[in-house]
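One structure is given below, encoded as structure tokens.
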Amino acid sequence: NAGVTQTPKFRVLKTGQSMTLLCAQDMNHEYMYWYRQDPGMGLRLIHYSVGEGTTAKGEVPDGYNVSRLKKQNFLLGLESAAPSQTSVYFCASSPDRILYNEQFFGPGTRLTVL
Amino acid sequence: GQQLNQSPQSMFIQEGEDVSMNCTSSSIFNTWLWYKQDPGEGPVLLIALYKAGELTSNGRLTAQFGITRKDSFLNISASIPSDVGIYFCAGQLGSNYQLIWGAGTKLIIKP
């Protein structure tokens, strides 16, 4: 099993550009999450999904959109990138509502917005 | 928002030493988790704690869920070079699906 994979690994955008980050998991997990990690801070939840076709806002959702059309994929979109969105983005998944706290993380995407 | 205070921020230790770190909050948590992050990778779950007072081990790592439910502790015995990394605590409040994360403790082994 590959676990949780993220595409791309690195990206540089100019202010105002858009992009989509892809997360895929092959563990048949129900729950998926998008976090951002900034220096000296813990992970902050952007959006999450408790199942195919469902999404919900996390702590810092502004400027991001998500979609979960297939159970194994969770997409994070930036419609108009801003320098404040420079960060490392992590996707995670967890099995079900009993074990939703036990999250498995991808390797991250490092995004720079100029 | 809710905050977890994780300390220390960083630790310089000699190989073979024991390590202790903790997380505290003014809020009551239902679950505490400890993760480790190696450079360039995502966090990996080390230990999950579900009951107040629970003491759980994973090899040389031992974590405890504080009796007050407002804190948790992680101990590493006889540290080795591969213990280097950032250790995060995370907690779950109430019944929502969001974890609250500490800022991390960076473990560095002195050469």
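What follows draws every value from the coordinates through simple rules; no lab data is involved. Everything numeric in this text was worked out from a predicted model, so none of it was measured. With ideal geometry, Cβ positions are generated from the backbone for all residues, glycine too; neighbour counts draw on all protein chains shown.
Which FRET efficiency value, to the nearest 0.05, is calculated for A:ILE98 and B:LYS106 with the Förster distance at 41 angstrom and r the Cβ-Cβ distance? List each step's numbers first, then the result.
Values: r = 32 Å, r/R0 = 0.79.
So, using R0 = 41 Å, E works out to roughly 0.80.
Round to the nearest 0.05 the FRET efficiency obtained for A:VAL50 and B:VAL84 when R0 = 41 Å and r is the Cβ-Cβ distance.
Values: r = 35 Å, r/R0 = 0.86.
Calculated value: 0.70.
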- Task: Rank the residues A:LEU13, A:LEU99 as a footprinting-exposure proxy: fewest other Cβ atoms within 10 Å of their Cβ go first.
- Result: A:LEU99, A:LEU13
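Quick one: what do you get for the protein assembly as shown if you divide its Cα Rg by 2.2 N^0.38 Å? Walk me through the numbers on the way to the answer.
On the way: Rg = 17.5 Å, N = 225, 2.2 N^0.38 = 17.2 Å.
This ratio for the protein assembly as shown stands at 1.02.
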- Task: Rank these for me by crowding, B:LYS51, B:LYS70, going from fewest to most other beta carbons within 10 Å.
- Result: B:LYS51, B:LYS70
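Mind checking the dipole of the protein assembly as shown: about its Cα centre, +1 per Lys or Arg Cβ, -1 per Asp or Glu Cβ, Debye to the nearest 20?
Working: 18 positive and 17 negative charges, 84 e Å.
Dipole magnitude for the protein assembly as shown comes out near 400 debye.
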- Message: Rounded to the nearest 20 debye, what is the charge dipole size of chain A about its Cα centre when +1 sits on each Lys and Arg Cβ and -1 on each Asp and Glu Cβ?
- Response: 300 debye
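Summing Lys, Arg as +1 and Asp, Glu as -1, what charge do residues with Cβ under 12 Å from the Cβ of B:ASN22 carry, B:ASN22 excluded?
Numbers: positive: B:LYS70; negative: B:ASP71.
Residues close to B:ASN22 contribute a combined charge of 0.
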- Query: R0 = 41 Å: FRET efficiency of A:PHE10 with B:ARG60, Cβ-based, nearest 0.05?
  - Reply: 0.75
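Compute the Rg to Rh ratio over region A:2-114 from the alpha carbon atoms, using the Kirkwood formula for Rh, and round to two decimal places.
Numbers: Rg = 13.1 Å, Rh = 13.9 Å.
Ratio of gyration radius to Kirkwood radius: 0.95.
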- Query: In whole Å, how far is the Cα centre of region B:53-111 from that of region A:47-114?
  - Reply: 24 Å
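As a quick test, which of the pairs A:LYS9/B:LYS70; A:LYS9/A:LYS71; A:LYS9/B:LYS51; A:LYS71/B:LYS51; A:LYS9/A:LYS57; B:LYS70/B:LYS106 have an alpha carbon distance above 27 angstrom in this structure? Walk me through the numbers on the way to the answer.
Details: A:LYS9/B:LYS70 36 Å; A:LYS9/A:LYS71 22 Å; A:LYS9/B:LYS51 37 Å; A:LYS71/B:LYS51 31 Å; A:LYS9/A:LYS57 24 Å; B:LYS70/B:LYS106 22 Å.
From the list (A:LYS9/B:LYS70; A:LYS9/A:LYS71; A:LYS9/B:LYS51; A:LYS71/B:LYS51; A:LYS9/A:LYS57; B:LYS70/B:LYS106), the Cα-Cα distance tops 27 Å for A:LYS9/B:LYS70; A:LYS9/B:LYS51; A:LYS71/B:LYS51.
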- Task: Please average, across the residues of A:99-106, the number of beta carbons from any other chain that are within 10 Å of each residue's own beta carbon, and give a whole number.
- Result: 5
- Task: Please name whichever of B:ILE108, B:SER79, B:GLN64 sits farthest to the positive end of the charge dipole of chain B, dipole taken about the Cα centre and charges placed at Cβ: Lys and Arg +1, Asp and Glu -1.
- Result: B:GLN64
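Run the dipole for chain B about the Cα centre, Lys and Arg Cβ at +1, Asp and Glu Cβ at -1, nothing else charged, and hand back the magnitude in debye, nearest 20.
Details: 7 positive and 8 negative charges, 57 e Å.
In total the dipole reaches around 280 debye.
If you rank B:VAL84, A:VAL4 by fewest surrounding Cβ atoms within 10 Å, what's the result? Mind dumping the intermediate values first?
Numbers: B:VAL84 15, A:VAL4 23.
Placing the least packed residue first, the sequence is B:VAL84, A:VAL4.
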- Given springs between every Cα pair under 10 Å in a Gaussian network model of chain A, which of A:ASN28, A:ASN73, A:ASN65 has the largest fluctuation? A:ASN28
